[in-house]
Each structure stands twice: as C-alpha cells, then as structure tokens.
Amino acid sequence: MQGQTERQLKASRSRLLKDRLARVGVTTGGVLVLVALLLIFFYLLYVVQPIFESASVKPLHSFNIDADDKTLALGMEEQAEIGYRFGDSGVAEFFALKDNSLAERKTGDTIEQKSLARAEQITSFARSLPVHQQFVYGLNNGQAIIVQPKFQVTFPETARTQGTRQVERLIMPRFETLNEGEPLQVDEQGRPLEQLAYATDGEGMLLTAVTASDTLLITKFVAEQNFLTGAVSLTPRFEQRVLTSAIRDIAVTPDLNKVFVLINNRIVVYSVSMSGAVSESQVIPLNGREFGQAQALNLMPGAATVLVSHEQGIISQWFEVPTDDGRTFKYIRQFDAGGAIVDLEVEDYRRTFYAVTVDGQLNVFHTTSEADLYSEALPNENTQAIAIDPRANHLLAEAGNELTLFELSNEHPEVTWSALWQEVWYEGYPEPSYTWQSTSGSDDFESKFSLVPISFGTIKAALYAMLFAVPIGVAAAVYTAYFMSPSVRKVVKPTVEIMEALPTVILGFLAGLWLAPIVEAYLPGVIAVIVLTPLAIIGFAALWQLLPTAIRSILGEGRASLILVPIVLLVGWLSFSMSPWVEATLFDGNVRGYLTNELGITFDQRNSLVVGIAMGFAVIPTIFSIAEDAVFSVPKHLSNGSLALGATPWQTLTKVVLLTASPGIFSAIMMGLGRAVGETMIVLMATGNTPIMDWNIFEGMRTLSANIAVEMPESEVGSSHYRILFLAAFVLFIFTFFFNTIAEFVRQRLRDKYSSM
C-alpha cells in the first residue's frame with residue numbers, strides 16, 4: 001500500500017513538472033510570436049518613415065566671385081564640384097565649388113573663362129530645359145550664339161599602397177559652342193532679339209524671339225544630313241507674327257511643337273509643324289482668377305506643364321487635358337511663394353521647383369503632390385539667382401558677389417498623404433483620379449503612387465473569393481459535422497483538409513492557363529453552373545422528403561448526400577453542353593461582344609470571376625476545417641435535450657447548435673478572409689494585374705500583395721518606389737491586424753452571449 005502511494009506521488013510530481021514545462025513552452029512561444037510581430041511592425045515603420053520627412057537646406061560654405069556684370073544663369077555639374085556662370089557681359093566662367101588637391105583647386109577659384117560675345121552686342125539670353133543644359137545669347141544683329149558646358153570625368157591613379165591602386169575623380173570643364181562656333185541667324189532681317197526662348201530635341205532647334213516692334217519670330221532649324229558626305233547642316237525655317245500687345249515672356253517645348261507667348265494676362269499657344277509652319281492653337285485667359293499680373297513662364301520636365309509666375313507670388317500650374325473640343329490647357333492648381341518671385345528653377349527630372357522671393361525666402365514645391373516642402377529665408381536677403389545640380393542634392397545661391405553652396409535633402413518630394421490616399425490630377429488626365437503607375441520608359445515620367453487602387457483590388461479579390469468560399473465552406477462544415485454519418489465523415493473531412501496543402505502557385509497556374517480560357521469560351525455555362533447547382537440541390541432535397549420512408553432508409557439519413565455527387569456532375573455537364581446554344585440564341589454567338597457593345601461591360605479573360613473561384617477553392621479548406629470542428633464540438637447534451645423536448649433536427653440546428661458554435665464559425669470566416677487578403681500567387685497569375693477601381697466581376701484588379709511581388713525586384717533600394725512598396729506591406733499588415741482584431745472582439749462577444757447554454 002505504501003509503495004503504491006509512493007508511485008502515485010512520483011507520477012504526480014512528474015505530471016506537475018511536465019505541466020510546468022508545457023506552460024513555459026507555450027508562454028515562451030506566444031511571447032516570441034508577439035515579439036516577431038512587433039519587430040515586423042517597427043521594421044516596416046523604419047523603412048517607410050523617411051518618405052514623410054520634409055525637405056531641408058543646410059549651408060556648406062560661401063565664397064566671393066570677381067564679377068562686375070550681372071548673372072544671367074548659374075549651374076553646376078552633377079557632382080557639385082564645379083559651377084558655372086553666364087554674365088551679361090558675354091563672359092562665361094567655371095569656378096570650383098569644392099577643394100580638389102589633384103587639380104590644385106580651392107573653393108571659389110576660377111577654372112576657366114570664355115568670352116562668347118561683346119557686351120554691346122548682347123540683347124537677350126535664354127536657356128533650354130535642364131535636361132539639355134544649353135544656353136543662348138541673343139545679339140543685336142538677329143543672330144544667336146548657343147553654348148553648352150561640358151565636363152570630362154577621369155579617374156587617374158594617385159598612389160599605390162600594398163598593391164592597391166588609389167584613384168581620385170578629376171573633372172575637367174569646357175564650354176562648347178554649337179554649330180561649329182558659328183552664330184545662328186534667328187531673324188533673317190537682322191533685327192535685335194530683345195527676348196529669346198530656345199529648345200532642342202537633340203537634333204533640331206527652335207528659337208523664338210521678340211523684336212522691338214512686338215514682332216514674334218519663330219525660327220526652326222531642321223538638321224539635314226548630306227547623303228554623300230555625311231555632313232549635318234541646320235536649315236532654318238522662318239516665321240513671323242506681328243502682335244498688338246507687349247510680350248512679357250515666351251517659352252518653347254523641347255519637342256519643338258509648341259510656343260507659349262505671355263501677353264498681358266493671357267497665354268497664346270502656337271503649334272509648330274515639322275516643316276516649321278506656325279498656327280495659333282489656343283488662347284489661355286489668366287485674368288479670370290485672382291492671381292495678379294502674370295510675370296513669367298516656366299516649363300516643367302517633359303514640357304507638359306506650364307508654370308505661370310504672378311506678381312503677388314502666386315505660381316499657377318496649367319497643362320493640356322482631353323476635352324470634347326480636343327486637348328486644351330486648363331488651370332490645375334496653384335502655389336503661394338509669399339512674395340514677388342526673383343528666380344524660379346525646376347529640377348531636371350522630377351516635378352519639383354524652387355522659387356526665391358524678393359525678401360530672400362526659398363520655397364520648394366512639388367506639383368504632383370501639391371506639397372509645400374520647404375519655406376525658409378536664405379542667409380542673404382538679396383539673393384538674386386539660384387541653381388540646382390542635376391541630382392538635386394545641392395543648391396547654389398548668388399547674393400551680390402557672394403555665392404553660397406547648400407546641401408539639399410529632398411529625397412521623396414512626390415510622396416505625401418494626399419498623393420497616396422486622395423485623388424490627384426496628373427498631367428494629361430481629364431480629371432483627378434486614383435492611379436498607380438510607378439515606372440515608365442521616359443525620364444520625365446510623372447510617378448503615380450496612389451495606394452487606393454491596389455487597396456481596392458485587395459478588398460475586391462477577397463470579397464469575390466469569400467462570396468464563393470463562405471457559403472460552400474460553412475454549409476459543408478455544418479452538414480458534415482451535424483448530419484453526415486460517422487463513416488462518411490471520416491473520409492470527407494480529411495479529404496477536404498488535404499486540399500489546403502495544395503500550393504497556391506499551382507492553383508494560380510491552373511486558374512490562369514486552364515480555367516480562364518474555359519470561363520471565356522463557356523461563360524453562359526459557367527454562370528448556369530453557379531445558378532443551377534444550388535437550385536438543383538434544393539430541388540433534390542425537396543423531392544427526397546417526398547419519397548417513401550422505405551426508399552430513404554436504404555441509404556440512411558447520413559448518406560443521402562452521396563446521391564448529390566452525380567446530380568451536381570449532371571448539372572455541370574448540361575450547363576456546359578447548352579452553353580454554345582445559349583450563346584448563339586441569346587447573344588448572337590458572341591457573349592463577350594454583347595457584354596462590351598450592348599451593356600458597356602468590359603470583359604478581360606483573367607478577371608475577378610476566375611480569381612473568386614480559384615481563391616475561393618484555396619480558402620474553403622480553412623473555413624471548412626475550423627467551422628466543422630466548432631459545430632462538431634457542440635456538447636451532445638444540448639442537441640439531445642432539444643430533440644427530447646420535441647424539436648426537429650433542423651430546429652435544433654438553427655436554435656441550439658449554430659448559436660453555440662457561432663464563435664467558432666465566425667473565427668473560421670475571418671481566418672478565411674485573412675488568407676484571402678494576403679493571397680499573392682493566385683491573384684498574380686489569374687488576373688491582368690491592372691490597378692483599376694471597378695466592381696465589375698469580368699475585370700481584373702491588382703492587390704497589395706501581388707503589387708509587392710511584381711514590383712519589388714525592379715525597385716531601386718531606398719527610392720520612393722521601394723519605400724512605398726514597404727508602405728503597401730504595412731497597409732496589408734494593418735488590414736490583417738484590423739480583421740483579426742474585429743474577429744476576436746466579435747468572437748468573444750458571441751462566446752460570452754452563448755456560453756450559458
């Protein structure tokens with residue numbers, strides 16, 4: 001007896017130790033899961049946070065320049081080591097912005113000067129868009145001198161240390177005069193060019209000038225190559241327009257197709273053909289808005305946007321939009337610099353521009369995001385000119401004879417909360433819209449980073465998948481757990497749960513390459529299967545109840561569902577067999593054309609219907625397994641007691657079993673929804689991955705997860721695109737966290753409500 005007691009105590013201690021170890025293990029696992037989730041959360045925030053940082057401008061150093069003339073233009077090469085300046089005396093010069101021991105340069109040293117024209121000859125000055133970086137002096141004899149700063153970069157070896165070469169970058173600048181140094185004749189009558197605008201497409205050139213008599217001169221130089229010698233010559237095409245009002249400013253697009261002329265408070269737009277013929281295409285009135293007198297015109301990269309500077313410091317943006325009358329320029333948005341503008345510079349490739357006011361305040365704006373990124377006073381109030389390097393990392397400002405180099409930090413100007421989640425009016429679009437288009441083959445592409453279309457696509461894909469999966473999964477779980485015989489349940493439940501092990505890439509592959517063509521070819525049949533199958537099951541159930549008891553007892557109540565297998569197959573076969581006849585009879589043999597032409601419904605082969613079926617097939621096992629366990633786990637004494645009190649099996653199911661199992665059923669649905677929201681491969685392979693916002697079941701979508709999978713490999717690390725993809729992952733994380741939180745809250749409420757049963 002005593003030995004038995006000692007064995008029982010020893011067994012109790014062993015169980016107690018195992019219980020404690022299990023408790024520690026489970027607790028440790030739960031804590032580690034929470035830690036992992038927090039680490040993911042904070043890492044996503046760490047990567048995303050920089051895109052919401054504002055711009056900053058920090059002075060590096062200042063130096064004086066020996067110049068008695070007025071600066072017409074400033075510039076820098078992309079490393080911000082060498083700057084250049086064009087003066088109204090006709091002298092252009094390079095100067096050092098940083099020390100360089102190899103070239104024996106000190107900051108502020110003059111590297112080279114070149115006289116391009118005599119001061120008394122110069123009557124005007126112009127520059128191309130920054131992408132070509134060419135500058136033009138207009139002369140009093142109707143000619144123009146075009147010059148371009150060039151930089152030769154070499155990396156000479158400076159030393160050898162233990163077999164390792166040490167090299168240092170050396171930049172050698174020079175001024176190159178185009179047309180082999182010969183001036184171009186802009187005015188064939190030789191009149192002084194009082195105003196000048198210039199653009200080039202790399203081959204031809206377009207110069208627009210104004211003479212003293214308010215005559216507009218448009219001269220297009222077409223590059224022609226000699227067939228025999230291969231020599232390239234510039235052939236001018238002259239055009240002249242006499243205007244009745246004083247011209248304030250002119251601008252030319254780099255495609256050489258348009259000329260903008262600012263006259264009082266209106267802009268006259270001229271179209272220039274390939275042959276050089278000029279025609280007036282539109283007049284843009286500016287006096288309908290309280291901007292004040294228009295002062296100057298600037299073109300943004302790509303030349304689709306015209307910026308108009310007004311005397312009160314307002315900068316209005318205009319670009320072409322498609323209308324019923326063709327493409328016309330419209331007012332889009334405005335920016336307030338806070339004072340009269342002294343100088344306005346645009347970046348080479350991004351939609352960012354910089355404005356300096358008369359009181360020395362620097363303003364940094366971005367057109368697409370409508371963001372005022374920076375607004376602070378520069379050290380010198382009398383700043384008269386600024387320049388931005390091609391990489392937009394440095395800013396050079398001139399005040400008097402002093403030049404100041406600033407470090408510029410403005411990595412993600414196109415990303416703001418409004419640009420991500422609100423409608424934005426993009427260049428060339430007829431109206432504001434939600435658009436995701438992150439890349440293009442053009443350097444002057446306007447990035448479109450709205451997360452709304454891909455968030456909408458995520459919800460759309462999950463919704464259609466749940467519409468397909470929830471009725472089937474929950475109904476199958478209830479029938480399997482409550483009505484099906486144990487012998488059949490032992491086969492059905494493991495079979496459905498094994499479906500969850502199917503790789504989603506296989507399901508996506510089958511959906512995209514096998515199911516999508518079938519849906520397109522037999523669309524009436526597919527719709528018929530979706531509609532007729534539930535009706536056939538309900539009809540068979542009604543007929544089953546009318547059969548004699550002797551016949552029904554042959555299979556038994558728990559095995560009657562086996563007869564539904566051939567019935568469902570028969571309905572499917574009939575639906576697909578009748579599909580060609582239905583299409584020929586009701587839709588003139590082309591149901592896709594009928595949807596598109598008659599109903600105005602777009603039909604894509606890989607669409608939401610295909611995704612709903614394929615993703616629903618992947619989600620059904622999750623919903624079925626959890627819901628079936630919940631229904632089967634309802635205590636038998638509850639259902640037996642209900643039956644004993646005279647309730648029918650159906651009444652017992654609806655009034656007792658389902659209510660008791662409702663927390664588990666709801667959890668099953670939310671678990672399925674969580675999987676549908678995060679699904680990647682099925683959506684990636686079974687849709688066109690088009691980020692559109694339309695509930696049309698015959699169109700595709702792009703989801704957050706699929707967008708990340710498609711675009712992450714091509715994104716530049718640290719770029720706005722890269723960080724926004726991480727933001728999309730963060731949004732997806734929030735989606736699943738939100739759904740799981742709601743699910744837990746509702747599940748707990750249901751458990752508390754029905755726990756007393």
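Of the residues 392, 377, which is small (Gly, Ala, Ser) and in contact (Cβ under 8 Å) with a residue 40 or more places away in the chain?
Working: 377 fails: in contact (Cβ under 8 Å) with a residue 40 or more places away in the chain.
After applying the criteria, what remains is 392.
Suppose we filter 193, 102 for residues that are more than 30 Å from residue 61 (Cβ to Cβ), in a loop (DSSP other than H, G, I, E, B), in contact (Cβ under 8 Å) with a residue 40 or more places away in the chain and within 45 Å of the chain's Cα centre (by Cα); which single one remains? Before the answer, list the steps.
Values: 102 fails: more than 30 Å from residue 61 (Cβ to Cβ).
When all the criteria are applied, what remains is 193.
Among the numbered conditions (1) among the hydrophobic types (A, V, I, L, M, F, W, C); (2) modelled with pLDDT of 90 or more; (3) farther than 17 Å from residue 237 by Cβ, the only one that residue 209 does not meet is (3).
Listed conditions (1) among the hydrophobic types (A, V, I, L, M, F, W, C); (2) without any contact (Cβ under 8 Å) to a residue 24 or more places away in the chain; (3) over 21 Å from residue 344 (Cβ atoms) are all met by residue 278, apart from (2).
A count restricted to the range 266-288 and to residues that are assigned to a loop (DSSP other than H, G, I, E, B) and out of contact with any His (no Cβ under 9 Å at 6 or more places or on another chain) stands at 7. The selection criterion, being closer than 30 Å to residue 390 by Cβ and of a type outside the set (A, V, I, L, M, F, W, C), holds for residue 427.
Taking first residues from the range 517-544 that are more than 23 Å from residue 585 (Cβ to Cβ) and partners that are of a type in the set (Val, Ile, Thr), the Cβ contacts under 6 Å between residues at least 6 apart in sequence or on separate chains come to 540/567. Whether a residue is touching a residue at least 24 places away in the same chain (Cβ under 8 Å), under 25 Å from residue 251 (Cβ atoms), crowded, with 21+ Cβ neighbours inside 10 Å and among the hydroxyl-bearing types (Ser, Thr, Tyr) was assessed, and residue 328 does not pass this test.
Looking across the range 27-72 at every residue that is free of Cβ contacts under 8 Å to residues at least 60 places away in the same chain and among the acidic types (Asp, Glu), the one that is surrounded by the most Cβ atoms within 10 Å (Cβ to Cβ) is identified as 69.
Taken together, the criteria exclude residue 611 from residues that are part of a loop (DSSP other than H, G, I, E, B) and either of a type in the set (A, V, I, L, M) or out of contact with any helix residue (DSSP H, G or I) (no Cβ under 8 Å at 6 or more places or on another chain) (or both). Every condition in (1) within 42 Å of the chain's Cα centre (by Cα); (2) more than 20 Å from residue 146 (Cβ to Cβ) holds for residue 125 except the one numbered (2). Where helices (runs of 4 or more DSSP H) sit wholly within the range 665-757, those with at least 2 residues that are within 28 Å of residue 632 (Cα to Cα) and of a type in the set (Asp, Glu) occupy 720-754.
Name the single residue that is surrounded by the fewest Cβ atoms within 10 Å (Cβ to Cβ) among those in the range 263-276 being in contact with a strand residue (DSSP E or B) (Cβ under 7 Å, 6 or more places away or on another chain) and farther than 18 Å from residue 248 by Cα.
Step one: of the range 263-276, the residues in contact with a strand residue (DSSP E or B) (Cβ under 7 Å, 6 or more places away or on another chain) are 263, 265-272, 275-276.
In the following step, the residues that additionally are farther than 18 Å from residue 248 by Cα were identified as 271-272, 275-276.
Details: 271: 13, 272: 23, 275: 8, 276: 19.
Per the criteria, the residue is 275.
The values are calculated or read from the model by the stated rules, or taken from the named source; none is laboratory data. Just so we're clear, the structure is a prediction, and the values are computed from it rather than from any experiment. Here the Cβ is made from the backbone with ideal geometry for all residues, glycine too, and neighbour counts use every protein chain on show.
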